[in-house]
Amino acid sequence: MSHSFYKKALDDLKIVYSENNALSIIFKNNDILIGVVGEFNNNIKELEKITNTNIYSRGNSILVKSTPKKNEMVKNAIVFLYDQFISNNTIEKKDIISSVNKFMIEEKTDKIEYIIKTPKKSVIPRSEKQKKYVRALRDSEVIISSGPAGTGKTYLAVAIALTMLLEKKIERIILSRPAVEAGERLGFLPGDMREKVDPYLRPLYDALYDLLDFEKIQKRIEIGDIEIAPLAFMRGRTLKNSFAILDEAQNATDTQIKMFLTRIGENSKIVINGDPSQIDLPNKSLSGLKRSKDILGHLSEISIIDFDHTDVVRHPLVSKIVRAYSDQNLKK
């Protein structure tokens with residue numbers, strides 16, 4: 001579509017921006033509006049589906065409700081379809097797809113770069129900080145992340161680890177977590193080692209089962225491709241061709257985190273995740289998470305990612321709860 005025609009189309013269409021992220025595109029010619037909207041609104045329904053927006057036909061206008069960025073994209077797509085209908089007196093499905101692709105090149109490229117494809121679903125980071133985290137998980141040897149619950153620290157790390165295992169880039173995933181409630185003394189708990197540790201690793205299991213079938217996960221665990229290891233049992237090991245994740249690292253001491261980090265071997269990654277607001281150690285000052293970031297932040301091979309309430313991707317209320325507690329702590 002030429003710049004001159006684009007300008008003419010906008011002259012024939014009136015664009016009205018409203019509050020609450022709403023945009024109205026008003027047509028001077030109702031016959032063209034009917035052609036663009038399509039029979040039974042099929043064209044804008046298809047456009048709505050492709051762009052994941054809300055589009056309505058009201059009177060002589062098309063109403064779009066989404067983010068400002070997507071509103072602008074849909075506006076440009078509708079102008080493109082206006083041009084198509086004027087030129088050919090018809091609009092086909094391929095024209096609708098083209099109308100979107102023409103203005104989504106940057107967004108699609110961005111998504112492809114960060115998408116994590118697992119057997120059960122594709123995982124896409126939902127915030128700029130999560131994109132930075134995914135990039136670090138792929139490019140760095142050691143990643144230390146901290147932030148509130150629901151920011152994707154564990155889930156994204158497990159997703160990357162699983163794809164690397166399935167693509168045979170590594171030989172083993174190691175999931176570890178300090179068992180604070182048992183004082184790292186697991187002997188008195190009933191069952192074998194896995195049964196003793198399982199309750200503390202449930203979030204890691206949940207992430208695995210969400211990304212790969214239960215039976216396949218169980219088989220990987222049985223043959224040792226996925227290993228469950230309490231932090232207390234990591235001493236003396238060297239991890240080669242592995243992706244090791246230490247979860248709930250706010251409950252690990254400075255010495256324990258140093259021990260875990262120094263397990264790294266050839267072709268391995270180590271991820272340390274924690275939430276500084278949920279320290280369960282009897283003496284909170286013993287937590288080694290913040291200290292590890294302070295000591296190691298200058299090393300180029302190590303990525304430090306700090307999440308906050310704006311990165312929470314669970315229920316919207318979780319973000320508000322995290323923010324409320326954070327604000328309260330600042331007042332103390």
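Quick notes on this one:
- Members of segment 24-49 that are closer than 20 Å to ILE97 by Cβ, in contact (Cβ under 8 Å) with a residue 12 or more places away in the chain and buried (at least 17 other Cβ atoms within 10 Å of the Cβ): ILE25, GLY35, VAL36, VAL37, GLY38, ASN43, ILE44, GLU46, LEU47
- Test result for GLU171, at pLDDT 95 or above, surrounded by fewer than 19 Cβ atoms within 10 Å (Cβ to Cβ), of a type outside the set (Ser, Thr, Tyr) and on the phi < 0 side of the Ramachandran plot: yes
- Subset of segment 49-73 (residues that are at pLDDT 90 or above and under 20 Å from GLU92 (Cβ atoms)): ILE55, SER57, ILE62
- Check on GLN250, part of a helix (DSSP H, G or I), under 25 Å from ILE321 (Cβ atoms) and in contact with a helix residue (DSSP H, G or I) (Cβ under 9 Å, 6 or more places away or on another chain): yes
- From ASN267, ASN251, ASN283, residue being within 18 Å of VAL158 (Cα to Cα) and more than 24 Å from the chain's Cα centre (by Cα): ASN267
- Restricting attention to segment 240-274 and to residues that are of a type outside the set (S, T, N, Q) and over 17 Å from PRO178 (Cβ atoms), the residue that is surrounded by the fewest Cβ atoms within 10 Å (Cβ to Cβ) turns out to be GLU266.
- Only residues that are surrounded by 12 or more Cβ atoms within 10 Å (Cβ to Cβ) and part of a helix (DSSP H, G or I) were counted in segment 78-92, giving 9.
- Flag for SER268 being touching a residue at least 60 places away in the same chain (Cβ under 8 Å), more than 16 Å from LEU165 (Cβ to Cβ) and hydroxyl-bearing (Ser, Thr, Tyr): no
- When segment 24-57 is filtered for residues that are in contact with a strand residue (DSSP E or B) (Cβ under 7 Å, 6 or more places away or on another chain), assigned to a helix (DSSP H, G or I) and of a type in the set (A, V, I, L, M, F, W, C), the ones remaining, listed by number, are LEU33, VAL37, ILE44, LEU47.
- Enumeration of residues in segment 280-303 that are surrounded by fewer than 12 Cβ atoms within 10 Å (Cβ to Cβ) and either over 19 Å from THR253 (Cβ atoms) or not charged (D, E, K, R) (or both): PRO282, ASN283, SER285, GLY297, HIS298, SER300, GLU301
The values are calculated or read from the model by the stated rules, or taken from the named source; none is laboratory data. These numbers come from a predicted model, not from an experiment. FYI the Cβ positions are ideal-geometry reconstructions off the backbone, even for glycines, and counts take in every protein chain you see.
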